[in-house]
Amino acid sequence: MLKLDHVSQTYRVGSFGRGRLTAVRDVSFELQPGEVLSVIGESGSGKSTIGRMILRLLRPTAGSILYDGADISQFRRGAVKDYYRNVQGVFQDPFSSYNPIFKADRIFGMIHTEFFPRVGADEWRQRVSEALESVALNPRDCLHKFPHQLSGGQLQRLLVARALLLDIRYLVADEIISMLDASTRIDVLNLLADLKARGLGILFITHDLSLGNYISDTTIILRHGSIVEMGATEKVFGDPRHPYTQNLLASVPLLHEKWRFNGSNATRPVARPPEQAEVPPLVEVESGHLAAL
């Protein structure tokens, strides 16, 4: 189990770091194997900060992140390596994950050297080919090419294949399809659904409600670094209790209707909720459905 227990993250800001900015505030949730959990919120809500803390790229300023009951901030050397063998991330901009002067398949060579040094070259090539084919890539079309010779979708799939080679248990997918075209998006989403069916736990970070609804079992709505609503996806989307969630859902464009403007007013007006300095604590409004009221 991957568990966040009252996790907060505060940054120093302003001249000489005298100010404080709380990016994540008292966040708690669990991610189980074979579950897709979507963290949904607008830009600046703290979504990516949560992902970075899970991947040990940031250390929480309060609370703890537990992996099978052990605090990941206490891991050292071999324990860190073992953690990364089980927990990996794929990020929004696939081009930023590659060094442009090296060919894209170098990421597989690094995995071979670091984690599987005793595996022979022929066996490793077979493993790489199988991993690529499992993410619908032809090894002949993508291996031995530079990143600029591949599309964003191909680069994202290469990163997922890299994670599969490690036989990971959890994947942090941080806005991994926001830079892809519509047809490639659905392919990557279906790939994630296939990984879920294999028992992989996926933290799906997105600002797009429709994508979260499409793929996730559990949904968290994040605002100003705090959870305002959390529960089974069908409950959060079907019966939202927090005004912020209701506003988000009302803002989703519908394929079967157009927005019609009469002067300065639209036929589907959306009133944004007032800004809140603090978010009320979560209360259980239905079994498995939490909301800040």
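Each value in this text was obtained by applying a stated rule to the coordinates, not by laboratory testing. Only a predicted model underlies this, so the values are computations on that prediction, with no experimental measurement involved. Glycine gets a Cβ as well: all are built from the backbone with ideal geometry, and neighbour counts include every protein chain shown.
Sorting check: for 56-62, 157-163, which peptide has the highest mean count of neighbouring beta carbons within 10 Å, and how do the rest follow? Don't jump to the answer; show the numbers that get you there.
On the way: 56-62: 15.3, 157-163: 23.4.
Highest to lowest by the protection proxy: 157-163, 56-62.
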Practice task
Could you compute the FRET efficiency for residue 5 and residue 42, with r as their C-beta to C-beta distance and R0 at 25 Å, rounded to 0.05?
Solution key: 0.50
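For residue 251 and residue 210, calculate 0.36 nm times their separation in residues minus their Cα-Cα distance, and state this gained length in nm to one decimal. Don't jump to the answer; show the numbers that get you there.
Numbers: separation 41, 0.36 × 41 = 14.76 nm, distance 1.10 nm.
Contour length minus Cα-Cα distance gives 13.7 nm.
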Exercise for the section: Give, in nm to one decimal, the length gained when the segment between residue 59 and residue 122 is fully stretched (0.36 nm per residue of separation minus the Cα-Cα distance). Expected result: 18.7 nm
Fill in the blank from the handout: Phi angles of the stretch 166-174, converted by Karplus (6.51 cos²θ - 1.76 cosθ + 1.60, θ = phi - 60°) into ³J(HN,Hα) in whole Hz with x for Gly and Pro, give 7, 6, 6, 9, 9, 10, 9, 9, 9
Handout entry: All lysines inside 24 Å of residue 81 as judged from Cα atoms, apart from same-chain residues fewer than 8 positions distant
Key = 3, 196
Handout entry: MRE, 222 nm, helices only [DSSP H, n ≥ 4, -39500 (n - 2.57), over the chain, to nearest 500]
Key = -9500 deg cm²/dmol
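Going by average Cβ neighbours within 10 Å, how do the peptides 87-95, 216-224 rank, with the highest at the top? Please report the intermediate quantities before stating the final value.
On the way: 87-95: 19.7, 216-224: 23.0.
So the order, starting with the most tightly packed, is 216-224, 87-95.
Classify the stretch 2-216 as rounded, prolate or oblate from the Cα gyration tensor: take a ≥ b ≥ c as the square roots of its eigenvalues, call it rounded if a/c is under 1.5, otherwise prolate when a/b beats b/c and oblate if not. List each step's numbers first, then the result.
Working: a/c = 1.65, a/b = 1.44, b/c = 1.15.
In terms of gyration-tensor shape, prolate.
What is the packing order of peptides 180-187, 105-112, taking the mean over residues of other C-beta atoms within 10 Å and listing the highest first?
On the way: 180-187: 13.6, 105-112: 16.2.
Ranked by mean Cβ neighbours within 10 Å, highest first: 105-112, 180-187.
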